[in-house]
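> Shown below is the structure under consideration.
The values are calculated or read from the model by the stated rules, or taken from the named source; none is laboratory data. Nothing here was measured: the structure is a model prediction, and the numbers come from that model. Cβ atoms come from the backbone with ideal geometry, glycine included; neighbour counts cover every protein chain shown.
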Amino acid sequence: MIDKFVPDIATAIAGIHDGARIMIGGFGAIGLPNQLIDAVAETGVKELTLIANNAGAAFGGLAMLLKTGAVRKVVCSYPRSAGSTLFEDLYRDGKIELELVPQGTLAERIRAASAGVPAFFTPTAAGTQLAHGKETREINGKLCVLEHAIFADFALLECWQADRWGNLTYRLAGRNFNPIMAGAAKLTIVQAQHKVELGEIAPDDVMTPGIYVNRVVHVPYGDPVL
Amino acid sequence: MSATLTPIKAMTREQMAARLAADIPEGWYVNLGIGAPTLVANYVDSGREVIFHSENGLLGVGPKPAEGKIEPWLINAGKQYITMMAGGSTFDSADSFGLIRGGHLDLAVLGGYEVAENGDLANWSTGANDAGPAVGGAMDLGAGAKQVWVLMDHTTKSGEPKLVTKCSYPLTALGSVTRIYTNIAVIDVTPKGFVLRDTAPGLTFEDVQARTGAVLHRS
């Protein structure tokens, strides 16, 4: 019998190692796998590369990872956070590396990794500082930039419902980067608000098919807080 | 430069947002950038259906929730609580930016540091001394939306023009801005440069030209 549920958070994150490239789902405080991140921070792993839309969190596990120097590099579109200068301070002091990526390019590079597309051309960022050093080509009269797929060792995600095959649903703005990251990492770890029986999520309602998911842990923490 | 100019009565942010909102045709799909552009939603007359997109994966964004009616799983790009209209839909970030980058969005309303007369936009970084550069979805919106309207003050706080011949700040997108709504004027960006469409009440072409860092053409 296939059962991707693991009994606890420690088992869910087992194997995350120094130097790992970790994708983290979420946009703002919604759809963020807080309990998984907290647990990773507590393991003391270091030299991490984090790939996440907002990596400048003011509190919680992300902030702890930044504060303790566990993060070597961040790949994100918006490293700022209201009420926190934690990231800016580290960046200004040269203690963290930043690869700033336009949000749509970030999403597409992750989707590309998931779908086996090694690279693609896009007009976004053409002629700007964020295209410096990248190959460009004029396609259909538009200047385009070559962008490479982003792969990761681990993806930490949050979903609304999960069944034991790893089929997932998300709630409202909680979807964001979670489904695309599910396919872009070697090992995808999900915290689920609700554990449901196989078949409770109708085929048409599955948002992430279980093929992309390796481990699920039931974490019914309730509603996110901004 | 403002010190040498006669003081004028500029519009408030709310008046600017209302002025822009009045020009959005029914049926358009519109993304509102964070900050002042978000105010535009408050001024689209309820008899006219305009569909607002939020980059975190929502179409059909409605007004702010009433007191005590917050849905904790619904925020916009500026991380504020919102509501959804009947007919709204949710999707992931790749689809959300796919609809932007694929040219499906009729309009993006963005803030700006500078707009050049060729439509270049600078709105994401103030340069090398920027403590923590952040770009979000601005470059995708600038490159992908069918129309890009910028909502910003006409000059900086110290009176320097923000409508210029060439941007001095790092660019967000090249040649993308089609119209600018400022606190003193509405200006089209055309192949011949800036064209004045409208002024704030009581202002003249000369008032606007004096505060613009490039040649202004009459419509």
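Listed here are the residues, each with its yes/no results for (1) touching a helix residue (DSSP H, G or I) at 6+ places or on another chain (Cβ under 8 Å); (2) at pLDDT below 95; (3) part of a loop (DSSP other than H, G, I, E, B); (4) acidic (D, E).
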residue: B:S125; (1), (2), (3), (4): yes, yes, yes, no
residue: B:P170; (1), (2), (3), (4): yes, no, yes, no
residue: B:I180; (1), (2), (3), (4): no, no, no, no
residue: B:D188; (1), (2), (3), (4): no, no, no, yes
residue: B:R197; (1), (2), (3), (4): no, no, no, no
residue: B:Q209; (1), (2), (3), (4): no, no, no, no
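> Any residue in region A:91-118 that is within 7 Å of another protein chain (Cβ to nearest Cβ) sitting within a Cβ distance under 7 Å of a residue that is buried (at least 21 other Cβ atoms within 10 Å of the Cβ) and basic (K, R)? List the pairs, counting only those 6 or more apart or interchain.
Filtered contacts from region A:91-118: A:G104/B:R101.
> Which ones in region B:64-77 are more than 9 Å from every other protein chain (Cβ to nearest Cβ) and either in contact with a Ser or Thr (Cβ under 6 Å, 6 or more places away or on another chain) or outside any loop (DSSP other than H, G, I, E, B) (or both)?
Hit for region B:64-77 is B:P65, nothing else.
> Looking only at residues in region A:133-164 that are among the aliphatic types (A, V, I, L, M) and within 30 Å of A:G222 (Cα to Cα), which one is nearest to the other protein chains (Cβ to nearest Cβ)?
It comes out as A:L157.
> Can I ask one more? How many of the residues making up region A:60-87 are within 10 Å of chain B (Cβ to nearest Cβ) and farther than 20 Å from A:L226 by Cβ?
Qualifying residue count, region A:60-87: 0.
> I need the full set of residues from region B:73-131 which are of a type in the set (F, W, Y) and either under 20 Å from B:A17 (Cβ atoms) or within 21 Å of the chain's Cα centre (by Cα) (or both), in order please.
Listed by number, the residues that qualify are B:Y81, B:F97, B:Y113, B:W124.
> With a cut-off of at least 1 residues that are modelled with pLDDT of 95 or more and aromatic (F, W, Y), name the strands (runs of 3 or more DSSP E) lying wholly within region A:149-226. Don't jump to the end; show me each part of the working.
Details: elements: A:152-162, A:185-195, A:215-218.
Answer list for region A:149-226: A:152-162.
> Out of the residues in region A:168-191 meeting the condition of being farther than 23 Å from A:I16 by Cα and buried (at least 24 other Cβ atoms within 10 Å of the Cβ), tell me which one is farthest from the other protein chains (Cβ to nearest Cβ).
Going through the qualifying residues, I end up with A:Y170.
> Of all the residues that make up region B:78-103, how many are at the interface with chain A (Cβ under 7 Å from one of its Cβ atoms) and among the small types (G, A, S)?
Count: 2.
> Same structure, new question: Identify, please: which residue in region A:192-216 is in contact (Cβ under 8 Å) with a residue 40 or more places away in the chain, more than 30 Å from B:K69 (Cα to Cα) and of a type outside the set (K, R) and is, among those, surrounded by the most Cβ atoms within 10 Å (Cβ to Cβ)?
The selected residue is A:V216.
> For region B:89-102, how many residues meet the condition of being buried (at least 18 other Cβ atoms within 10 Å of the Cβ) and part of a strand (DSSP E or B)?
Of the residues in that region, 1 qualify.
> Another one. Which count do you get for residues in region B:13-42 that are at pLDDT 95 or above, within 19 Å of B:G137 (Cβ to Cβ) and in a loop (DSSP other than H, G, I, E, B)?
1
> Could you tell me which of the residues A:N167, A:N140, A:N214, A:N178 is touching a strand residue (DSSP E or B) at 6+ places or on another chain (Cβ under 9 Å) and farther than 15 Å from A:L36 by Cα?
Values: A:N140 fails: touching a strand residue (DSSP E or B) at 6+ places or on another chain (Cβ under 9 Å); A:N214 fails: farther than 15 Å from A:L36 by Cα; A:N178 fails: farther than 15 Å from A:L36 by Cα.
When all the criteria are applied, what remains is A:N167.
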